[in-house]
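The values are calculated or read from the model by the stated rules, or taken from the named source; none is laboratory data. Bear in mind the structure is a predicted one, so any value in this text is a computation, not a measurement. No Cβ is skipped: glycine too gets one built from the backbone with ideal geometry, and neighbour counts run over all protein chains shown.
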Ligand code: DGY
């Protein structure tokens, strides 16, 4: 643990952040309580370090609940999360105490949409499996007419569950691939007419989950996690999918019932799944998902590009500075 120059205001940073954000906080001369280890603080460490702080810069792995706020005490003015999701923070409790909650907004939209597309290409065209074959020395006969046969992306039907900012960015990319798009959004898990769409594309239809399950070749989960979306994608949904279809999750693990998915993958009732997020992260070392050929598994890296993480670092730091300086209007806060 590294403590910087003392000053009146204390800021706890629960994991290392890039210099872009760190330098902003250093400039203010706050007392920085800085976890320099690459792994998250244990709950007990978090509780020890949070005492008396004015601000917390936290991450998805930190649970900031009522107890944490109690321990932090009355000085705590802002919880700034280095993420767009904020399900790890008790927002209601923060509101009650007039503690502001900052987040990184939509900055990761395009980067996450890039990764969603990468996952779709990887699972459909067996890119990861092909790479492994070459590395393992199992590519024995050069070009082959049936070698690593996959599924096209272009011209196929893509179901997008949750047409928010990321869903829209995925749809834009899908347009370039000539895909037909079916989608739901939060307001309508049932059929209704779309009034306007942020870009001009005719091959797109707002529909319901059932239609998406039945018609899509690829399905990308890109909605946010809330009470309604917990296990939204379960055996009932998966059982309606085509045998040749793929499921991709770049949103939150708890939206997809992982047990139901594993069962479907084992029975080969769907063609495969590409996941960036899981019900529990990291997944267990002996997770059966790792032994399956019809999966591509990433370690929650949707927003992990240097540019985007630097911007997240900057926004998370500026949210703290702005709130501590009384310029709340300049901070990106959860309403
Ligand atoms: C977020 O910010 O919510 C992402 O999942 C982290 O990359």
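Please go through region 240-269 and give me each residue that is surrounded by 16 or more Cβ atoms within 10 Å (Cβ to Cβ) and farther than 17 Å from residue 161 by Cα, ordered by number. Spell out the reasoning first.
Within region 240-269, the subset surrounded by 16 or more Cβ atoms within 10 Å (Cβ to Cβ) is 241-242, 245-258, 260-262, 264-265.
Within region 240-269, 260, 262, 264, 265 meet the criteria.
Scanning region 97-120 for residues that are out of contact with any helix residue (DSSP H, G or I) (no Cβ under 6 Å at 6 or more places or on another chain) and farther than 22 Å from residue 322 by Cβ gives 114, 115, 118, 119, 120. Scanning region 323-333 for residues that are free of Cβ contacts under 8 Å to residues at least 24 places away in the same chain and part of a helix (DSSP H, G or I) yields a count of 2.
Scanning region 83-106 for residues that are surrounded by 20 or more Cβ atoms within 10 Å (Cβ to Cβ) and within 19 Å of residue 329 (Cα to Cα) returns 84, 94, 99, 100, 101, 102, 103, 104. When residue 85 is tested against (1) without any contact (Cβ under 8 Å) to a residue 12 or more places away in the chain; (2) outside the structural domain of residue 291 (by TED's automatic domain parsing); (3) part of a loop (DSSP other than H, G, I, E, B), only condition (1) is not met. Residues in region 97-109: is at least one more than 16 Å from the ligand (Cβ to nearest atom) and outside any loop (DSSP other than H, G, I, E, B)? Yes, region 97-109 contains at least one residue that is more than 16 Å from the ligand (Cβ to nearest atom) and outside any loop (DSSP other than H, G, I, E, B).
Looking only at region 263-280, which residues are assigned to a loop (DSSP other than H, G, I, E, B) and either more than 13 Å from the ligand (Cβ to nearest atom) or touching a residue at least 60 places away in the same chain (Cβ under 8 Å) (or both)? Steps first, answer last, please.
Initially, region 263-280 is screened for residues assigned to a loop (DSSP other than H, G, I, E, B), giving 268-271, 276-280.
If the condition is that a residue be assigned to a loop (DSSP other than H, G, I, E, B) and either more than 13 Å from the ligand (Cβ to nearest atom) or touching a residue at least 60 places away in the same chain (Cβ under 8 Å) (or both), then 268, 269, 270, 271, 276, 279, 280 are the ones that fit.
Restricting region 209-228 to residues that are at pLDDT 95 or above and in a loop (DSSP other than H, G, I, E, B), which is surrounded by the fewest Cβ atoms within 10 Å (Cβ to Cβ)?
To start, the set of residues in region 209-228 that are at pLDDT 95 or above comprises 209-223.
This time we only want the ones that are in a loop (DSSP other than H, G, I, E, B), so: 216-217, 222-223.
Values: 216: 26, 217: 22, 222: 26, 223: 24.
Within region 209-228, the match that is surrounded by the fewest Cβ atoms within 10 Å (Cβ to Cβ) is 217.
In region 281-313, the residue that is nearest to the ligand (Cβ to nearest atom) out of those that are assigned to a helix (DSSP H, G or I) and touching a strand residue (DSSP E or B) at 6+ places or on another chain (Cβ under 7 Å) is 289.
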